[in-house]
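Data first, discussion second: the structure below is written as structure tokens.
Read-outs: derived from the displayed coordinates by stated rules, not from any lab. Quick caveat: nothing in here was measured; it's all calculated off a predicted structure. As a convention, Cβ positions derive from the backbone with ideal geometry for all residues, glycine included, and neighbour counts pool all protein chains shown.
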Amino acid sequence: MSAQALTATRTGSGPLLALAATQGLSAAGDLVTLTALIVGLQARDGGPLLVTLLIVASLLPGILIGPAVSHLMDRFDAGTVLKTGLLARALLVLVLSFTTDTVLVLALFLGASAVSVMENPAILTLAPAVKPEDMETLKVYARLALFRNLGAIAGPVAAGVFIAAGSVQLALILDAVSSLILAAVVHIARLRSSTGIDQGPDPVPDANWTGRNGVGRLLQSGVGASVWMLALAILFTAALPVAQAQFLLKDLAIGPALYGAVLATYAAGRLGASLLSSLVTVPARATTLLTAACLLMGAALASAALVPVGPVVVVSFFLAGAANTQQVLSIRTIVHDATPQARLGTTFTALGAVNNTATLIGVIAGGAIVGIVSGTTGLLFAGAGTIAAVLVVGLVRSGRQ
């Protein structure tokens, strides 16, 4: 990208809006497909097992493939990588929409997840190129998170409308069409990064970020303590989806309508935090905000388990959602500020692999605890464990200093 083109993108908010819209519609499309397939597979024999396999299929590519191909983000323009992934996903989901065989459904969904591995890192890598000069890094990622959270709410709603109308197939076709539209938006808006452009076969290496072992280098880098803190917190909070369902529907015995309303408060917390962060400058370091967010998440979940009263539970889930958004924004800002621009793609892919691995382990462990004991215990495990993770990392960090 020329200096003139890069300056043009940084002086206006149009490219940032296009990128944020891409993030939001992409999140909505992903959840349309995931929700539609969950509903479809749940109705078949062995539904719970099939749904578990579906969730695993959504996480595995980021763990196994992401680190191996992350160097592509350092060699090629992130906009091109994003368009290619969107087009490939559109094709696979379109084929998936006409598939009924269970094995093929899972295989095609795994393929769609695999080609989407670089999608989020590509969007995050494009962020510096579309960042207005007078906007802080945290606010840029907050803007992206705001649209992503809007998409996370709209996606399941859209899927529900199509499913209620009796057509899972139409929901999948909607996702495929949205991917094609997004690829066109990226092309028309000329969203490009300076990473990988006119740099030859490999960018000039940096001592801390060279090589393809992005995960190992990320964990051993100067931001390693923050990455470890979040990963350990995720090990516990990943139990939330399983624990909250058991906690609300079985332990508290609330109806489906109230269950949906409580889940909506979590989404509202995420949305509110991203909106606030995109508008207000917080006078604190990103590392401090990350620590505070992890502690808030743990305290909120533990409070809901210890005081299972309606208002407390609602407020707790709202605060947990807000804390989740702040965790995401803080870690992205920390990593962004410590990473050479030529390594942003590799590093964000590595960060995704670390978090996906922690999520996968946490889902399995949390599901076992909930199945053996109760949803309340699982929720307490998630909250207390998150607080313990923060304290352990803090003690280790203090000892090294």
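General remarks:
- Given charges at Cβ of Lys, Arg, Asp, Glu: the chain dipole, positive-most of VAL51, VAL115, PHE98: VAL115
- Cα point-scatterer Debye curve for the range 318-372, base-10 log of I(q)/I(0) at q = 0.22, 0.24, 0.29, 0.31 Å⁻¹: -0.92, -0.98, -1.07, -1.10
- Ellipticity estimate at 222 nm from DSSP helix runs (n ≥ 4, -39,500 (n - 2.57)) divided over the chain, nearest 500: -26500 deg cm²/dmol
- D by Stokes-Einstein for the range 270-334, Kirkwood Rh over Cα pairs, 10 °C, 1.306 mPa s: 132 µm²/s.
- Centre-to-centre separation between the Cα atoms of the range 352-401 and those of the range 131-152: 28 Å.
- Working from Cα pairs under 8 Å separated by at least six residues, relative contact order for the chain is 26 percent.
- Part-to-part distance (alpha-carbon centres) for the range 283-302 and the range 309-341, which is given in Å: 7 Å
- Among LEU182, ALA300, PHE162 - extreme Cα towards positive end, dipole of the chain, charges at beta-carbon: ALA300
- Cα pair distances exceeding 36 angstrom across the chain, given as percent: 21 percent
- Each 10 Å bin, from zero up to the one with the longest distance, holds this percent of the alpha carbon pairs of the range 207-401: 9, 35, 34, 17, 5, 0.
- Projecting the Cα atoms of VAL223, ASN324, TYR259 onto the dipole axis of the range 207-401, where Lys and Arg carry +1 and Asp and Glu carry -1 at the beta carbon, places VAL223 farthest toward the positive end.
- Computed over the range 207-401: relative contact order in percent, which uses C-alpha pairs under 8 Å that are six or more apart: 42 percent
- Working note: Cα gyration tensor of the range 74-119, eigenvalues times five, square-rooted, sorted largest first, giving semi-axes of 25, 10, 5 Å.
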